[in-house]
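J.: The structure's right below; bear with me while I get my questions together.
Nothing in this text is a laboratory measurement; each read-out follows from the coordinates by a stated rule. As the structure is a computational prediction, the values presented were derived from the model and not from experiment. Quick reminder, even Gly has a Cβ in these numbers, built from the backbone with ideal geometry, and neighbours come from all protein chains shown.
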Amino acid sequence: MLIFPIFIIFYLIIVSSLVIILLFGPNERCQSNILGRSYRFLTTKFVTRMRILTTKICGTKIGVFSTFFQKYFLYSRNPIILLFYLLITGVGIFFFFKDVFPFFFETESLGKKHLILIPLCLIFVVFSLLISVLSDPGTITQENYKMYIQKYPYDNQIFFPRICETCGFQKPARSKHCKILNKCISKYDHYCGWLINAVGEKNYRWFLLFLISNCILCFYGFYFILKIVYSQLVHSQIFMETVLKLETGFQKDLLIVLLKIILNNQSKSIALLFLTLIMGISLLVFILYHFYLISKNVTTNEKFKLSDLKNYIIQKKKQLKYYKLLKKQQIEYQKQIQILNRLKKLKNMEITEQIKKLNIQKPEITQTDIILLKLDPNNLENIYNQGFWKNFYQVFFPNSPHLHPPLKQPTQNKTTNSLNNNNKKDN
Ligand SMILES: [Zn+2]
């Protein structure tokens, strides 16, 4: 009897962990914590280790075969995460209709309106999934790239005029060449494995709709199941006995009796209750994070780049500061050596040793670095930020003709042409 509840608990833990890792793992804030590490393990190390293991066990022929799978899993438009989504949603909906919904007609606290709300909610989820998977994220082509270049100016921080080697045209600011779709995407956000599609200027709103519809499904399901479970518990004989025992002071039995009810009678409903709650909260946090990004008019890709840029500038500044300090010391030393030499108190060997120690290499500074070092890493300017409401408008109406008013140019009037070939960061 206990096997089924244990299986459900394992299912809950594994599914919830996987969803949370896949949602939050790629986030730049989670890079160094357990979510980021687990995500990297799942998406790169796990597949690589499996390949090495199969090569060891089965020999090189299978090894070559598994290299193909490694490429398939990691670098191609594969439906694995989408299938995982369909599986957990499908299983959840199946058990909802099989084990929870039949009690709907016995539950007085749930009105008839739910007979319309449930199908509406499901249609909303299917619609948002289809439109997100099938929509164009904003593909840039030879024909339209000039139009995209006019949309956003280069900020000369993370976006510089540069040619996309694969597509063969100048990459518009805010775009990125998606390696999985193998095309440049306007206002690129990220590649979404759940939707087997890139998320960009044109379909960011559909991606949000997909998240919102699933979040509503989870919280609505949670509310509905909770009402039914509660109503069942109230009507159950064991519950009444427990209440009586509570009143007569037999409190010790309460937990055991409640666990018995949960494990025997309501195990699937309770599992669904936990699953919807965990998924709902995870999705809500994820949606709020994206709303925060929209309010600042920053894409996930830009958030990564800005964070990298900040670290890069801090690192370069440190190197330069250290170099200057050493240079100063070197001059001091040389002065002292000269004095000592004059006094003939230091042997020649010792002098060369000292100078060797002070052979300091100047950090390499490119043309781009000269511009970047003028920036304050803790206060990088975002020229694309148009204010709270306009930022939201831009996301939800990307095709609107009165969008993209002339954006402000970067504050420092920099010459960008010299940077064309120099910057490797803008990828
Ligand atoms: Zn490209």
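J.: Given Lys324/Lys374; Lys187/Lys316; Lys176/Lys296; Lys303/Lys362, which pairs have Cα atoms separated by over 21 Å?
T.: Lys187/Lys316; Lys303/Lys362
J.: Please list, in chain and number order, the residues 5+ apart from Arg162 or on another chain whose amide H is under 5 Å from its amide H, with Hs placed from the backbone.
T.: Under 5 Å from the amide H of Arg162 lie the amide H atoms of Lys171, each far enough along the sequence or on another chain.
J.: Still on this model: Quick check: residue separation of Tyr323 and Lys179 times 0.36 nm, minus the Cα distance between them. What number comes out in nm? Write out the running numbers ahead of the final one.
T.: Numbers: separation 144, 0.36 × 144 = 51.84 nm, distance 3.83 nm.
Here the answer is 48.0 nm.
J.: What are the ³J(HN,Hα) couplings of the stretch 151-168, residue after residue, when phi is run through the Karplus curve with 6.51, -1.76, 1.60 and θ = phi - 60°? Round to Hz, x for glycine and proline.
T.: With coefficients 6.51, -1.76 and 1.60, one gets 5, 10, x, 6, 8, 6, 10, 10, 10, 10, x, 7, 8, 7, 5, 7, 7, x Hz.
J.: Can you put Met50, Met147 in order of Cβ neighbours within 10 angstrom, beginning with the fewest? List each step's numbers first, then the result.
T.: On the way: Met50 14, Met147 11.
Final ranking by Cβ density, sparse to dense: Met147, Met50.
J.: Divide the volume of the convex hull of the Cα atoms of the stretch 111-209 by its number of residues and quote the answer in cubic angstrom per residue. Walk me through the numbers on the way to the answer.
T.: On the way: hull volume 11.4 nm³, N = 99.
Given the Cα convex hull of the stretch 111-209, per-residue volume reads 115 Å³.
J.: Sticking with this one: Roughly speaking, what is the centre-to-centre gap between the stretch 152-231 and the stretch 95-115 when only Cα atoms are used, to the nearest Å?
T.: Answer, in whole Å: 36.
J.: Follow-up. So who's got an amide H within less than 5 Å of the one on Cys184, skipping anything under 5 residues away but keeping other chains? H placed 1.01 Å off N, in plane.
T.: Ile140, Cys178
J.: What is the gain in length, in nm to one decimal, between Asn144 and Thr54 on full extension, counting 0.36 nm per residue of separation less the C-alpha to C-alpha distance? Before the final figure, lay out each step's value.
T.: Details: separation 90, 0.36 × 90 = 32.40 nm, distance 4.60 nm.
Separation in residues times 0.36 nm, less the Cα-Cα distance, equals 27.8 nm.
J.: Going by C-beta contacts inside 10 Å, put Ser400, Ser16, Ser128 in order with the fewest on the left. The partial results should precede the final answer.
T.: Working: Ser400 10, Ser16 17, Ser128 22.
Least crowded to most crowded, the residues run Ser400, Ser16, Ser128.
J.: Report, by chain and number, residues whose modeled amide H sits under 5 Å from the one on Val199, excluding near sequence neighbours (fewer than 5 apart, same chain).
T.: Amide H to amide H, under 5 Å and 5 or more residues apart or across chains, Val199 pairs with Asp189, His190, Tyr191, Cys192.
J.: Along Cα→Cβ, 7 Å out, is where each label goes; now give me the distance between the ones at Ile287 and Asn33 in nm to one decimal.
T.: Each label point is offset 7 Å from its Cα along the Cβ direction, giving 2.1 nm.
J.: Residue by residue, what Karplus-based ³J(HN,Hα) values in Hz, rounded to whole numbers, does the stretch 211-217 have, using 6.51, -1.76 and 1.60 with θ = phi - 60° and x for Gly and Pro?
T.: Result, rounded to whole Hz: 4, 5, 4, 5, 5, 4, 4.
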